[in-house]
């Protein structure tokens with residue numbers, strides 16, 4: 001592993017904006033349930049002392065917010081349940097880490113898909129039975145892809161910035177693996193007026209070969225019953241989640257079913273916002289919202305339980321959240337999809353997945369998963385594990 005300094009970088013490629021945090025004065029990290037609850041107490045303490053926080057929660061942290069799911073958490077995971085750096089302030093915009101980096105070229109090779117199509121179809125069919133029995137109405141079934149990495153990860157981050165621009169990119173070098181995230185999805189943003197907005201992303205179609213094809217695909221996506229159903233269910237779920245911490249009567253949907261276009265896919269996005277109840281502790285906000293409903297399913301708790309049994313492996317940072325908290329309580333967190341964990345043994349791990357509804361087919365969902373992997377390793381086919 002490269003001897004990286006401790007820092008967290010957030011990058012909005014669309015608007016050419018970034019936030020960099022360097023030289024943490026403390027790292028708050030939790031790998032088990034006891035440490036997890038103590039960590040939130042410490043996060044609250046340092047925020048009230050006027051410090052900035054930047055870091056992440058892994059997907060499995062969500063089990064600890066729900067009593068009925070706590071038994072699913074395993075201690076000492078490869079990726080901490082929670083890890084935040086404590087910082088005096090933002091770093092200067094001309095800091096070397098905030099500029100495009102030209103180190104040794106990084107690449108991924110020998111990708112291995114953990115589920116071939118036959119395995120995926122078996123898992124798909126089992127989840128579909130839960131849909132048929134009314135246990136769930138939607139679920140985000142995922143599986144990992146592993147590869148070997150070499151070179152300089154920070155150069156890879158800046159290369160992605162150029163070739164795969166997103167609004168919520170981040171690079172995390174704290175405890176645990178290096179995390180390289182190319183997330184297009186906002187989990188939530190709390191502004192200085194104490195309004196909170198979530199922008200769930202649900203509904204995917206591939207990019208076309210030219211402008212005319214793209215226009216047709218976008219038009220088809222806007223009226224596609226399956227994708228509209230996926231998005232609408234998650235909007236309803238997040239409206240419910242936000243209502244737990246928002247002033248009654250303030251929940252609004254500024255827009256529904258808009259299309260955002262990325263290098264390899266078109267995505268359907270909606271917005272939900274509300275006025276936040278004042279003086280909420282950090283833990284209460286995450287307890288109400290985490291993990292984001294767009295990467296769990298409906299209903300959230302039941303779908304998380306069913307999916308954990310089917311996937312039978314920790315997601316780690318994938319489908320967790322990466323973000324920062326200002327002393328003023330302004331917060332911004334992404335949904336950590338399109339996110340790669342880089343381990344010291346030069347193993348890279350990232351997951352792919354997609355929403356399964358009653359109308360879904362295993363073949364189309366598996367193909368969507370492979371499409372979503374292209375951001376990291378280009379075109380791959382149906383590998384056996």
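Nothing in this text is a laboratory measurement; each read-out follows from the coordinates by a stated rule. Predicted model, so just to flag it, every value in this text is computed and none were measured. Methodologically, a virtual Cβ is constructed for each residue, glycine included, from the backbone with ideal geometry; neighbour enumeration extends over all protein chains shown.
Remark: the Cα gyration tensor places region 294-385 in the oblate category, a/c being 1.5 or greater and a/b not exceeding b/c.
Expected output is a single nm value to one decimal: the length gained when fully extending between residue 122 and residue 343, i.e. 0.36 nm times separation in residues minus the C-alpha distance. What is it?
Value of the extension gain: 76.6 nm.
With a ≥ b ≥ c the root eigenvalues of the C-alpha gyration tensor of the chain, is it rounded (a/c under 1.5), prolate (a/b larger than b/c) or oblate? Rounded, since a/c falls under 1.5. Based on alpha-carbon centroids, what's the gap between region 64-137 and region 140-171 in Å, whole number please? Cα centroid of region 64-137 versus Cα centroid of region 140-171: 12 Å apart.
Relative to the current alpha-carbon distance between residue 70 and residue 155, full extension at 0.36 nm per residue lengthens the span by 26.8 nm.
When only Cα pairs below 8 angstrom with a gap of at least 6 residues are kept, region 234-382 shows a relative contact order of 17 percent.
Compute the Cα gyration tensor for region 323-371, then decide on rounded, prolate or oblate, letting a ≥ b ≥ c be the square roots of its eigenvalues: rounded whenever a/c is under 1.5, prolate when a/b is larger than b/c in the other cases, and oblate in all that remain. It is oblate, given that a/c is not under 1.5 and a/b is not larger than b/c. Find how many whole Å separate the alpha carbon centroid of region 20-59 from the alpha carbon centroid of region 311-381. When both Cα centres are located, 23 Å separates them. Look at 174, 310 and count the other Cβ atoms within 10 Å of each Cβ; fewest to most, that gives 310, 174. Note on the chain: with a GNM built from Cα contacts shorter than 10 Å, the maximum mean-square fluctuation among 234, 211, 340 falls on 211.
If R0 is 35 Å, the Cβ-Cβ spacing of residue 107 and residue 27 corresponds to a FRET efficiency of close to 0.75.
Taking packing as the residue-averaged number of other Cβ atoms within 10 angstrom, the listed peptides 195-202, 62-69 run from highest to lowest as 195-202, 62-69.
Taking the number of other C-beta atoms within 10 Å as the exposure measure, put 360, 181, 150 in order starting with the fewest.
Fewest-to-most Cβ neighbours within 10 Å comes out as 150, 360, 181.
Kirkwood hydrodynamic radius, region 9-122, all distinct C-alpha pairs: what's the number in Å?
17.4 Å
Relative protection proxy for 162-168, 152-158, 331-337, 93-99, from highest mean packing down: 331-337, 152-158, 162-168, 93-99 (other beta-carbon atoms within 10 angstrom).
The distance linking region 255-299 with region 192-217 is 14 Å (Cα centroid to Cα centroid, whole angstrom).
Computed on region 90-168, with alpha-carbon pairs under 8 angstrom and 6+ residues apart, the relative contact order is 50 percent. Rg and Dmax, both from the Cα atoms of region 64-186 and both in Å, are 19.2, 57.
Each helix, a run of at least 4 DSSP H residues, gives -39500 (n - 2.57); summed and divided by the residues of the chain, these come to -9000 deg cm²/dmol at 222 nm.
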